[in-house]
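J.: The structure follows.
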Amino acid sequence: MTQPDKCRLCGGMKASGHTTFSVDPGDGPVVAHHVPATICNQCGKEWIETQTAQQLETIVEEARQKKHQLEVLSL
Ligand SMILES: [Zn+2]
């Protein structure tokens, strides 16, 4: 069963895509590119899955320790 995935905010269609995630934990910004996300094609709201968010937390922590910005090609 495949149901159209609709945006809870505007009712627009959601589609799989990628986003850029950035956070500044205090030691400088960490930027992750090509983060898988679901994006509304109407209002642009992005959803990152819990599992992906957890992976991002780990990546951000690693990047902080290396004091690097990190590019994520796939999660
Ligand atoms: Zn929307």
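Only the coordinates and a few stated rules stand behind these numbers; no lab work does. Just so you know, these numbers come straight off a predicted model, no measurement behind them.
J.: Which lysines does Lys6 reach when only Cα atoms under 28 Å apart count, and residues fewer than 8 places away in its own chain are ignored?
T.: Qualifying lysines at Cα under 28 Å: Lys14, Lys45.
J.: Output wanted: per-residue J couplings in Hz (rounded whole) for segment 41-58, from phi through Karplus 6.51 cos²θ - 1.76 cosθ + 1.60, θ = phi - 60°, x for Gly and Pro.
T.: Couplings: 7, 9, 9, x, 4, 10, 10, 10, 5, 4, 4, 5, 4, 5, 5, 4, 4, 4 Hz.
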